[in-house]
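*Asks:* Below are the structure tokens for one structure; questions will follow.
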Amino acid sequence: MRVIVTKSYDEMSRVAADELAACVRDNPACVLGLATGTTPIGLYADLVSDFEAGRLSFAGVTSFNLDEYVGLEGTHPQSYRYFMNKNLFDHVDIDIAHTHVPSGLGDDDGKVSSEYELAIRQAGGVDLQLLGIGPNGHIGFNEPTDHFPVATHRVELTESTRVANSRLFDSLDEVPRYARTMGIGTIMRARKIVLVASGENKAQILRDAIEGPVTPMVPASILQFHPNVVVVADDKAGALLSR
Ligand code: GLP
């Protein structure tokens, strides 16, 4: 695991954006795994700037997002499909038909989830998976529990995640109770992983995840077993790391 602690959020964003840009330049037909949350907004803005400056093209890229709230249509302003369109897809030359976000709809969860897994496999697997980290150590929406869920699945969100994410909704009541997320196995199959973390509220959990014991109670700790991970933290999130 390579750990980079930057001097600022802007530098964290640029360093992480460069990782994604290098992946796209090396293989213009690469498969990117993408993440939502406040943390990656800056790096998506940097990728848009690279595109606008003619330094980067997403024309051949396929993408798979980590997760989506169950019950929200892609037109809902808090859906992750909406987030991705607003922060990246609407501003670059990616073919929108080649962008995938797990559906928040559909009753037959097993079918929806297994179709998502199949689509990732048929695309050749994820070359680079971008991750944020939840305040409780979740990646995607894989919440702390007694095991590492393997495949894409429906998950009940913990109260702490609903409270943390309620800042983006009008009230806690409006935060969905369930989400659909890639599993830990799905994430670990990516050939490379870039995890971004920003802010002092991530400092302790980031330390637990990358320097503590590997446990499903800190889902991100599994990344210690992945052979090709880059962690990019800003100064505040990296403040408690010992190396
Ligand atoms: C959500 C997403 C995660 C993300 C996390 C942290 O719960 N499902 O993928 O990493 O938020 O978000 P933020 O970057 O806003 O702290």
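What follows draws every value from the coordinates through simple rules; no lab data is involved. In this text the structure is predicted, and so the values were computed from the model without any measurement. We place every Cβ from the backbone using ideal geometry, glycine too, and count neighbours over all the protein chains shown.
*Asks:* Label the range 132-242 by shape, choosing from rounded, prolate and oblate, from the square roots a ≥ b ≥ c of the eigenvalues of the Cα gyration tensor; if a/c is under 1.5 it is rounded, and otherwise prolate applies when a/b is larger than b/c, oblate when it is not. Each step should come with its number before you reach the end.
*Replies:* On the way: a/c = 1.89, a/b = 1.19, b/c = 1.59.
Taking the square roots of the gyration eigenvalues as a ≥ b ≥ c, the range 132-242 is oblate.
*Asks:* Would you list LEU72, LEU105 from fewest to most Cβ contacts within 10 Å? Present the calculation step by step, with values, prior to reporting the outcome.
*Replies:* Working: LEU72 19, LEU105 12.
Placing the least packed residue first, the sequence is LEU105, LEU72.
*Asks:* From the residues ASN85, GLY140, VAL175, which one has its Cα farthest along the dipole of the chain in the positive direction, the dipole being from +1 and -1 charges on Cβ of Lys/Arg and Asp/Glu about the Cα centre?
*Replies:* Farthest towards the positive pole: GLY140.
*Asks:* Considering only C-alpha atoms, what is the centroid distance from the range 1-61 to the range 172-207, in Å?
*Replies:* 17 Å
*Asks:* Ranked highest first by average number of other Cβ atoms within 10 Å, how do 3-13, 229-239 line up? Intermediate values should be presented prior to the final figure.
*Replies:* On the way: 3-13: 17.6, 229-239: 22.2.
Ranked from most to least packed, the peptides come out as 229-239, 3-13.
*Asks:* Another one. Which of the listed residues, ALA190, PRO219, GLN204, is farthest toward the dipole's positive end in the range 183-230, when Lys, Arg count +1 and Asp, Glu count -1 at the beta-carbon?
*Replies:* ALA190
*Asks:* ³J(HN,Hα) across the range 157-165 via Karplus (A = 6.51, B = -1.76, C = 1.60, θ = phi - 60°), whole Hz, x for Gly/Pro?
*Replies:* Taking θ as phi minus 60°, the curve returns 6, 6, 4, 5, 5, 5, 5, 4, 7 Hz for the range 157-165.
*Asks:* Pull up all non-local amide H partners of HIS100: gap of 5 or more, or a different chain, and H-to-H distance under 5 Å with H placed in the peptide plane.
*Replies:* SER63, PHE64, ASN65
*Asks:* Viscosity 0.890 mPa s, temperature 25 °C: give me the Stokes-Einstein translational D for the range 2-233 in µm²/s, with Rh taken as the Kirkwood radius over C-alpha pairs.
*Replies:* Working: Rh = 17.6 Å.
Answer, rounded: 139 µm²/s.
*Asks:* Counting Lys and Arg as +1 and Asp and Glu as -1, each charge on the Cβ, what is the dipole of the range 164-225 about the Cα centre in debye, to the nearest 20?
*Replies:* On the way: 8 positive and 6 negative charges, 84 e Å.
About 400 debye.
*Asks:* Next question. Could you work out the relative contact order of the range 2-233, using alpha carbon pairs under 8 angstrom and six or more residues apart, expressed as a whole percent? Before the final figure, lay out the partial values.
*Replies:* Details: 450 pairs, mean separation 55.0, N = 232.
Normalised by residue count, the contact order of the range 2-233 is 24 percent.
*Asks:* Sticking with this one: Given charges of +1 on the Cβ of Lys and Arg and -1 on the Cβ of Asp and Glu, with all other atoms neutral, how large is the dipole of the chain about its Cα centre, in debye to the nearest 20? Show your work: numbers first, answer last.
*Replies:* Working: 21 positive and 32 negative charges, 127 e Å.
Its charge dipole is roughly 600 debye.
*Asks:* Mind putting a number on the dipole of the range 93-220 about its Cα centre? Charges go on the C-beta only, +1 for Lys and Arg and -1 for Asp and Glu, and I need it in Debye to the nearest 20.
*Replies:* On the way: 12 positive and 18 negative charges, 82 e Å.
It works out to roughly 400 debye.
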